[in-house]
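To keep things clear, I will list the structure first and then write my remarks on it.
The values are calculated or read from the model by the stated rules, or taken from the named source; none is laboratory data. Since we're looking at a predicted model, the values are computed, not measured. All Cβ positions, glycine included, derive from the backbone under ideal geometry; neighbour counts span all protein chains shown. Quick note on the areas: whole protein, heavy atoms, side chains included, nothing else; ligands and nucleic acids left out. Shrake-Rupley method; radii C 1.70, N 1.55, O 1.52, S 1.80 Å.
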Amino acid sequence: MIVVMQAGADEEQIQQVIDRLVGLGFDIHRSTGVEHTVLGCVGRTIDFDVRDIELLPGVAEAHRISSPYKLVGRAFRPGGTRLQIGPMLVGGDEVAIIAGPCSVESEDQLDRIAAAVAAAGARGLRGGAFKPRTSPYSFQGLGEEGLKILRRVCDRYRLIAVSEVMSETQIPMMLDYVDVLQVGARNMQNFNLLRELGRQRHPVLLKRGISATIEELLLSAEYLLAGGNYDVMLCERGIRTFENYTRNTLDLSAIPVVQKLSHLPILADPSHGTGRRDKVPPMARAAVAAGADGLLMEVHYDPDHALSDGAQTLDLVQFEALMQELRQIAAAVHRQVAPAAAAAVR
Ligand code: PEP
Ligand code: MN
């Protein structure tokens with residue numbers, strides 16, 4: 001159930017309503033908007049009449065929610081979620097650009113890439129240290145050493161560090177190094193991992209599973225919010241279809257659909273979404289035109305020799321050119337992309 005308080009409701013009235021709802025067996029998730037406080041009520045309840053809640057002082061309206069997800073639904077935060085993570089705002093006017101190699105390979109490698117993506121206007125640096133690889137013989141990532149490199153390089157260029165967490169056992173260690181914990185497509189329904197991430201107060205980037213529906217993606221996000229972690233952004237990274245020219249089929253229609261159903265920001269990953277470097281710029285441009293709140297892209301100075309996902313990785317020149325195009329497209333849909341920095345901060 002969702003309870004919307006009146007614009008002028010005071011703290012005492014809000015607390016009275018919360019006490020009543022708790023008495024009915026609900027867990028309460030409070031969202032304080034600019035005008036209205038919204039109370040998201042989840043959990044098992046004693047039978048009750050919604051009108052009894054609507055009659056409480058300060059209540060504007062109360063609705064039973066028939067959708068399976070309660071807290072990620074638009075109604076919980078009609079104005080949308082904005083995540084301010086250091087200098088990066090996700091879900092606001094700016095289209096947040098997170099770029100970097102598929103995997104952290106060395107300090108030199110990451111430094112060189114970070115300098116270029118920061119100068120081109122990226123706010124976040126991605127780099128996997130724990131890699132979910134199809135083959136056990138492929139490069140598996142540098143582990144904690146890779147995260148130390150990522151942290152140092154991000155601090156050097158004032159970038160937000162984004163890296164994938166594969167298991168709940170890695171969370172405490174990773175909190176020291178990364179600003180955003182990425183949940184990969186293969187782990188979208190790793191419910192133990194989601195439950196543990198729900199207990200954290202650390203931003204999470206949740207990728208859509210390879211064969212997940214939008215509803216399943218939103219239900220996975222619900223695990224995080226139900227645990228009390230509201231700092232969540234979603235990411236469309238392509239789904240598996242019968243088409244095999246591209247590695248995946250980037251479902252750009254998921255962007256407006258998620259924006260209608262949910263208040264959570266949604267990013268697009270045209271790198272994993274296409275699997276082919278030459279297809280990344282057109283799909284990145286299309287994602288911004290479709291209203292994506294951000295992009296996650298793989299970039300390397302020498303993609304042909306990258307230790308993972310080279311075929312879908314842009315080189316530095318391609319990335320810089322794409323950023324200029326994205327600025328024009330963002331302006332056409334009333335958004336912006338951060339300006340190119342005159343020189344990278346050191
Ligand atoms: C990645 O971002 O490097 C990655 C492994 O992505 P996905 O989980 O979407 O395959
Ligand atoms: Mn990759």
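If you check 97, 113 for being within 16 Å of ligand 2 (Cβ to nearest atom), of a type in the set (Val, Ile, Thr) and open to solvent by less than 30 Å² (accessible area, probe 1.4 Å), only one passes: 113. Taken together, the residues in segment 63-90 that are farther than 13 Å from residue 3 by Cα, open to solvent by 40 Å² or more (accessible area, probe 1.4 Å) and over 18 Å from the mean Cα position of the chain (by Cα) amount to 2. In the condition set (1) buried (at least 20 other Cβ atoms within 10 Å of the Cβ); (2) over 22 Å from residue 234 (Cβ atoms); (3) small (Gly, Ala, Ser), residue 60 is compliant with all but (1). In segment 286-300, the count of residues that are surrounded by fewer than 21 Cβ atoms within 10 Å (Cβ to Cβ) and among the acidic types (Asp, Glu) is zero.
State whether the residues of segment 249-259 include one that is in a loop (DSSP other than H, G, I, E, B), open to solvent by 50 Å² or more (accessible area, probe 1.4 Å) and within 13 Å of ligand 1 (Cβ to nearest atom). Among the residues of segment 249-259, not one is in a loop (DSSP other than H, G, I, E, B), open to solvent by 50 Å² or more (accessible area, probe 1.4 Å) and within 13 Å of ligand 1 (Cβ to nearest atom), which makes the answer no.
Of the residues screened, residue 134 is not one that is open to solvent by 10 Å² or more (accessible area, probe 1.4 Å) and under 22 Å from the mean Cα position of the chain (by Cα). Looking only at residues in segment 210-225 that are surrounded by fewer than 21 Cβ atoms within 10 Å (Cβ to Cβ) and in contact (Cβ under 8 Å) with a residue 12 or more places away in the chain, the one that is nearest to residue 103 (Cα to Cα) is 210. Filtering segment 306-318 down to residues that are of a type outside the set (A, V, I, L, M) and within 15 Å of ligand 2 (Cβ to nearest atom), which residue is most open to solvent (accessible area, probe 1.4 Å)? Residue satisfying both the conditions and the ranking: 309. Residues that are more than 16 Å from ligand 2 (Cβ to nearest atom) and open to solvent by 40 Å² or more (accessible area, probe 1.4 Å) occur in segment 118-127; there is at least one.
One residue stands out in segment 279-296 among those that are more than 10 Å from ligand 2 (Cβ to nearest atom) and not in a helix (DSSP H, G or I): the one that is nearest to residue 107 (Cα to Cα), namely 295. Within segment 231-240, one or more residues are at pLDDT 95 or above, under 29 Å from residue 321 (Cβ atoms), open to solvent by 10 Å² or more (accessible area, probe 1.4 Å) and within 15 Å of ligand 1 (Cβ to nearest atom). When residue 171 is tested against the conditions (1) among the hydrophobic types (A, V, I, L, M, F, W, C); (2) within 16 Å of ligand 2 (Cβ to nearest atom); (3) surrounded by 16 or more Cβ atoms within 10 Å (Cβ to Cβ), the lone failure is (2).
Here's the yes/no breakdown for (1) of a type in the set (Val, Ile, Thr); (2) over 30 Å from residue 262 (Cα atoms):
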position	(1), (2)
295	no, no
298	no, no
302	no, yes
305	no, yes
326	no, no
329	yes, no
340	no, yes
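I'd like to know if segment 80-87 contains one or more residues that are assigned to a strand (DSSP E or B) and out of contact with any strand residue (DSSP E or B) (no Cβ under 7 Å at 6 or more places or on another chain). Yes - at least one qualifying residue is present in segment 80-87.
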